[in-house]
Amino acid sequence: MRGCISAALDAATLAGASYVDARIVDTRSESISIANGRIEGVESSASFGLGVRVIANGSWGFAASATVTEAEAVHVARQAVAIAKASALCPGSKPVTLAPLDPVEAQWAGLCEIDPFDVPLADKLELLSSAEEGLRSEPAVKLTKADLGFQRTRKVFGSSEGAFIEQQHVESGAGLTAWVIADGEVLSRSYPNSHGGNWIQAGWEAIERLDLTGNAPRVAAEAAALLTAEPCPTGTYDIIIGSSQLALQVHESIGHPTELDRVLGDEAAFAGTSFLGLGDIGALRYGSSHVTVTADATVPGSIGSFGYDDEGVPAQRDHLIMNGLFTGFLTSRESAPEIDRTSNGCMRADGWNRIPLIRMTTVSLEPGDWELDDLIADTDRGILFDTNSSWSIDDRRLNFQFACETGWLIENGALTKMLKNPNYTGITPQFWNSCDAVCSDRHWQVWGIPNCGKGEPMQVAHVAHGAAPARFRGVEVGVGR
Amino acid sequence: MRHHSETARRLASATLSAALEAGAEQAEVIATAGTTALTRFAGNRIHQNVAESGTEISVRAVLGNSIGVASTNRTDDVSLADCCVAAVRAASVAPADNSFPGLPGPASVEIADRAAKATRSFDAEDRAKAVRTIVEHSRRHDLVAAGGIKVTDQGIAVVNSLGVDVAQDITGLRATALSMDEHEGGGSGWSSFVCADAGEFDAEKVGERAAFLALRSRYPRELPSGAYRVVLAPEAVADLVEFLGWLSFGAKPVHEGRSPLSDKIGEPIVSPLVTITDDATAADAMGLTFDFEGQPRSQVSLIETGVARGFVTDSYWAARLGTANTGHALPAPNSYGPLPLNLQMAPGDSTLEELIAQTERGVFVTRFHYVNVEDPVPVTLTGMTRDGTFLIEEGKLSHPLKNLRFTQSVIEALGNVVALTRDREYIGSETNPVLVPGMLVDGFNFTGQTR
């Protein structure tokens, strides 16, 4: 592979590139899905190819091929340079430049105790079938789904600056969902999270720890209980948001708006921009003093972790918000100089045939010091939201609306009534400034989100968020109900 | 010139033989070969410019009633054989699905010519020149443009061991333009265009419309939440129709009671002004005329003058429900079941200007953003407006509005349709866009507003 990387770097340089990087990515994945007692899919897939990114005439070009030979690497490199030269027909006001980086030769591997690709398929099917059957133990449950998936990625990166980095990691994920249907309403409960479950950078051991089979009857019973749950009231309430839902709240209203490429307008036409400006660093009160948020690509077991990003920048832990004050963006080598910094290593690509974009790593709300029981007891009139079912936010990441699978009414410091399909809405900085309590590290958990969409062609990134339940005062709930 | 469909068909046939050699009792192979190129621009300059060529092979192996699927993008003999072995191995372990009817046999498919020479030859320089044209419309008004031009040239083949053997070439071009006024009080405007033949692409028109809407959107004001009459431009209608297609028109959600059509076939569910069909065979339709089981995509009436008429099927759901196979299979395996990919909403007899003129007080929406589902049966969606939202007063666009959040049942909205435009537009992806008119709707619920 080193020969192909070198061939691409040399050919692009000879063709006129002032900078080149080349990535070979080899991905293997496996997924199993069972729904309503029926095998919906047993699938394995493999993807392998080479992508070459260049700067020529001060503009970017990229080309990729699934044929990984030295001859093809030369062809792809020349194509990338030709594309960059075409880009220069509509150039920016200044040529593309990159923040300085010390190139390294390195290797990195993620945690994995039991390689899931060595575990017999029959064992995986048996575990998932048993869990899915457990969901059907409750007669009121009408639809069920159980998912299991694994991915192994091997990457080789080289640059014309002298970097050569080899990395590999394995991810494992699983989830259960039970649905009940009544009077035109479809209601669900999931474990350990909705939208396919939770994903972890680990092997088969992570799936065993989830205890899908043991949790299935409880999930089914909770789904059945939604049939008699009350609708979410409409009005302004203090709300406590559970860990997994808060992870998505962080994702949408802190992670995305702090991506510096969005702030600079690079994603304006598709995903949108950001309400943040370059001058907000050190000036904007993003949240209350309880809100401290980090971007950390070194969290063990997180699918947002790596050794080096896809520009060869080492993994880092950086603060985005410190005690409520906005302190920094997620950056790349091209964008970081706009804020007089070097890259904090957030560039990742969805495979060999995509260019790297600024992506979240593990963007987390740092834990506070509350116990969840104490926080509920401290709330006179509120609603506890748990497990996401729907999400939406505007193109500047200000106005959001989330719905959850379930909620609990809090009256005089106690959970009193289950609520079905609750939702809440808000404006990002106003919302984070209303946070007056965050639970402790005992309640803090990292949630893997393997489906973060951004860019054109759409790239799906694997990112993660740590969060513990937190309370927000005076939030509008029951919207449009 | 060798077309990609020939490559796809050759690879599919070779892989089918390998799958049978690997022990599959029945096998199906989907092969895709082609090129995709995309030039993105932002800040009035090209900032991303990419191209890729590649092939995807997917094998569905059947042993008894057990199924395994494997896919690869590597096309050497060893990799294809490995892929087939993986599919057969998965099938050998997977529990039997006693409701699986077996793979479908061959059926007559009319292969439409949907690949244009002008699109195939639309290269990086053509894309860059078109971007320059779009950007110039914004730059001359001190606006900032962003967007992209994507060109696809693909061949897709589906073969199976029962004799299915179909292949088709398709091309497509999609251009998008966002124009932004970055000064205080500035707004934004949007335009998009999709076609199979790049010869139809007019970059001037795309750039001009986006810039016009941006200029018209300066100094947006607030609007209290509430139910308003709305004029939805085709781009906004497309979002509603696409979600309806995904949630409501497939056999699976209909059978499972998750669709507004569940137990309602033959009953009126929306306004008599609404007729929605899926028709991959229409003369100007884009995309494949067969599905991913190689079956002909039939024209299906989904809602006819407000009455729920039908839903789309594939071989599995047709057998399970005892209905005809309409030819709407997605690649196996998938959780969605069959889906309509060529939705068309019938036109009305108005112009967009006439819809605005019929509105005493209401809201004009250019397009929606980040729409998601809150409740599937009434198809209750929430999302934001963006890039050209205006208050309508006394039959005219008055002033721009800050972007609004809606929380609205699509079924209820389609029940409140007052009029539709006679002109329709293709909106969406360059291979499977929807064809929709503009729409005048009463009582559309706006539930919030951004700052």
Calculated FRET value between residue A:342 and residue A:107, using beta carbons and R₀ = 25 Å, to 0.05: 0.65
In sequence order, calculated HN-Hα J values of the stretch B:324-331 (Karplus, 6.51, -1.76, 1.60; Hz; x Gly/Pro): 6, 7, 7, x, 10, 5, 8, x
Other-chain or far-sequence residues with amide H under 5 Å of residue B:381's (modelled H): B:374, B:408, B:409, B:410
Burial ordering of B:311, B:122, B:243, fewest other beta-carbon atoms within 10 Å first: B:243, B:122, B:311
Cα-centre dipole for the stretch B:220-451 with unit charges at Cβ (Lys and Arg positive, Asp and Glu negative), debye to 20: 460 debye
Counted charge near residue B:329, where neighbours are those whose Cβ lies closer than 9 Å (Asp, Glu -1; Lys, Arg +1): -3
Rounded to 10°, Cα long-axis angle of helix A:121-135 versus longest principal axis of chain A: 30 degrees
Straight-distance crosslink candidates among lysines, where the alpha carbon sits under 27 Å from residue B:396 and sequence neighbours closer than 8 are dropped: B:205
Label point distance in nm, residue A:460-residue A:1, each placed 7 Å from Cα along Cα→Cβ: 2.2 nm
Overall form of the protein assembly as shown per C-alpha gyration tensor (a/c, 1.5; a/b vs b/c): rounded
Tail fraction, Cα-Cα pairs, chain B, threshold 39 Å, whole percent: 27 percent
Residue exposure sequence - A:254, B:134 - by fewest surrounding Cβ within 10 Å: A:254, B:134
Signed unit charges on C-beta, dipole axis of the stretch B:116-240, positive-most listed residue B:161, B:151, B:183: B:183
Net charge over other residues, Cβ less than 13 angstrom from the Cβ of residue B:393 (K, R count +1; D, E count -1): +2
Total formal charge among the other residues, if their Cβ is under 14 angstrom from that of residue A:337, Lys/Arg +1 and Asp/Glu -1: -2
Nearest-ten-degree value, helix A:70-87 long axis tilted from longest Cα axis of chain A: 80 degrees
Inter-site label distance for residue B:81 and residue B:20 at 7 Å from Cα along Cβ, in nm: 1.8 nm
Student exercise, the stretch B:194-275 dipole from Lys, Arg, Asp, Glu Cβ charges, in Debye to nearest 20: 420 debye
Euclidean distance of C-alpha centroids, the stretch B:324-385 and the stretch A:231-253, integer Å: 28 Å
Nearest-ten-degree value, helix B:124-139 long axis tilted from longest Cα axis of chain B: 20 degrees
Pairwise centroid distance, computed over Cα atoms, of the stretch B:415-451 with the stretch A:312-368, Å: 37 Å
Two-decimal ratio, the stretch B:220-451, of alpha-carbon radius of gyration to 2.2 N^0.38 Å: 1.02
Reachable lysines, given that their alpha-carbon falls under 25 Å from the alpha-carbon of residue B:402 and they are not under 8 places away in the same chain: A:454
Contour excess over end-to-end distance, with Cα ends at residue B:394 and residue B:223 and 0.36 nm allotted per residue: 59.9 nm
Entries of A:155/B:150; A:142/A:420; A:124/A:155 with Cα pairs more than 22 Å apart: A:155/B:150; A:124/A:155
Hz values of 3J(HN,Hα) by residue in the stretch A:20-31 - Karplus curve (6.51, -1.76, 1.60), Gly and Pro given as x: 9, 9, 9, 10, 10, 10, 10, 10, 10, 9, 9, 9
Residues whose placed amide H lies under 5 Å from that of residue A:269, excluding near-sequence neighbours: B:147
Residues A:85, B:396, sorted so that the one with the fewest Cβ neighbours within 10 Å comes first: B:396, A:85
Global form of chain A, assessed from the alpha-carbon gyration tensor, a/c cut-off 1.5: oblate
J(HN,Hα) series, the stretch B:177-185, from Karplus relation 6.51 cos²θ - 1.76 cosθ + 1.60, nearest Hz, glycine and proline x: 9, 10, 10, 10, 9, 8, 7, 4, x
Of the trypsin sites (Lys or Arg not before Pro) in the stretch B:234-336, those whose Cβ has at most 11 other Cβ within 10 Å and which sit in DSSP loop: none
Residue B:348 long-range amide H proximity, modeled H, under 5 Å: B:420, B:421, B:422
Between the stretch A:403-448 and the stretch B:110-134, the Cα center-to-center distance that results, in Å: 50 Å
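Here, each number is a calculation from the coordinates, and none is a lab measurement. Only a predicted model underlies this, so the values are computations on that prediction, with no experimental measurement involved. Positions of Cβ are generated from backbone atoms using ideal geometry, with glycine treated the same way; all protein chains shown enter the neighbour counts.
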